[in-house]
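Student: Let me give you the structure first, and then I'll get to my questions.
The values are calculated or read from the model by the stated rules, or taken from the named source; none is laboratory data. Everything numeric here is computed off the predicted structure, so don't read it as measured data. So basically every Cβ, Gly included, is an ideal-geometry build from the backbone, and we count neighbours across all protein chains shown. Just so you know, the surface numbers come from the protein's heavy atoms only, side chains and all, with ligands and any DNA or RNA stripped out. Shrake-Rupley method; radii C 1.70, N 1.55, O 1.52, S 1.80 Å.
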Amino acid sequence: MSDNISGSNTKFRLALIQLMVSPLKANNLNRIGTLVKEAASRGAKIVSLPECFNSPYGTKYFRENAERIPGESTKVLSETAKEFGVYLIGGSIPEEDNGKVYNSCTVFAPDGSMLLKYRKIHLFDIDVPGKITFQESETLSPGNQLCTFDTPYCKVGIGICYDLRFAELAQIYTQKGCQLLIYPAAFNMTTGPAHWELLQKARAVDNQVYVAAVSPARNDKSSYVAWGHTTVVNPWGEVVAKAGSEETIIYADIDLKYLSDIRQQIPVLKQKRHDLYRVQAVQDCKP
């Protein structure tokens, strides 16, 4: 497995936008440019928005805010990525396609072209008695494709929220050469305090990659209250950047030389016993 470490591209800046999502889609879309401009002005090369950045998160909101891709929201994302010359991960939006609704993430290159569309593959259907019951499957359909994209800095793997709990996805992305995994996510006030940081550390240490999870800001008046605490964890399992609950932008300098050093010092990725066990994808990642 090659770590693709070369010359001046061993470090780059990642920005995660913890957006306070408005009930009005237009308000959210109108604010994206200002926030991405600020991130780019501080040297960010890859910028990510949170899960459901264009509308509130909740089963009653998904279908009423769903749109086609390409559509209104992705047009804004494309134009913003091109204007500020960044790789822009469009968090996620509710996507309508042939009568079905998906929780979908699009990624745009600095020239404004769409690099991928990832549909959340694991739907958030849980029941924690006395605390939270949520059934995404009441409204959403699952995706069926894993997605990565290449940059001049490193390869990036994409998941959405509940996908973070599935170690196999992160393992496959690592096998495919990803050094950074980004999860737009909206954990809640039950799962957030318990598992948000723990899961990011687990994925980072198991795979010796950087892991970033980007949440909406917390709105205590929402029907679904997000935990916030957008975070970046390094391959040693250390938190290198973390937000509180309010709207903010956090930054992390991703150091691929450091990642390579960790993999050399504790070479678990080379020591796996593929003669005894194996995790593999049943189909190729896109693109």
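Student: Tally the residues that are among the basic types (K, R), free of Cβ contacts under 8 Å to residues at least 40 places away in the same chain and over 27 Å from E38 (Cα atoms), restricting the search to the range 218-274.
Tutor: 3
Student: What do you reckon, is G85 surrounded by fewer than 21 Cβ atoms within 10 Å (Cβ to Cβ), at pLDDT 95 or above and farther than 23 Å from A213 by Cα? Even if it seems obvious, please write down each step before you answer.
Tutor: Numbers: surrounded by fewer than 21 Cβ atoms within 10 Å (Cβ to Cβ): yes; at pLDDT 95 or above: yes; farther than 23 Å from A213 by Cα: no.
When the stated conditions are applied, G85 does not pass them.
Student: If you don't mind, another one. I'd like to know if the range 260-280 contains one or more residues that are closer than 30 Å to S41 by Cβ and open to solvent by 40 Å² or more (accessible area, probe 1.4 Å). Show your work before the answer.
Tutor: The first filter runs over the range 260-280 and keeps only residues closer than 30 Å to S41 by Cβ, leaving 260.
If we keep only those that are open to solvent by 40 Å² or more (accessible area, probe 1.4 Å) as well, we get none.
Within the range 260-280, none of the residues are closer than 30 Å to S41 by Cβ and open to solvent by 40 Å² or more (accessible area, probe 1.4 Å).
Student: State whether the residues of the range 3-25 include one that is part of a helix (DSSP H, G or I), touching a helix residue (DSSP H, G or I) at 6+ places or on another chain (Cβ under 9 Å) and open to solvent by less than 50 Å² (accessible area, probe 1.4 Å). Walk me through how you get there before you give the answer.
Tutor: Of the range 3-25, the ones part of a helix (DSSP H, G or I) are 7-10, 25.
Those still in the list that are touching a helix residue (DSSP H, G or I) at 6+ places or on another chain (Cβ under 9 Å) too: 9-10, 25.
Those still in the list that are open to solvent by less than 50 Å² (accessible area, probe 1.4 Å) too: 10, 25.
Yes, that holds for at least one residue.
Student: Out of all the residues in the range 43-57, is one or more over 28 Å from V209 (Cβ atoms) and surrounded by fewer than 24 Cβ atoms within 10 Å (Cβ to Cβ)?
Tutor: Yes, there is a match, as at least one residue in the range 43-57 is over 28 Å from V209 (Cβ atoms) and surrounded by fewer than 24 Cβ atoms within 10 Å (Cβ to Cβ).
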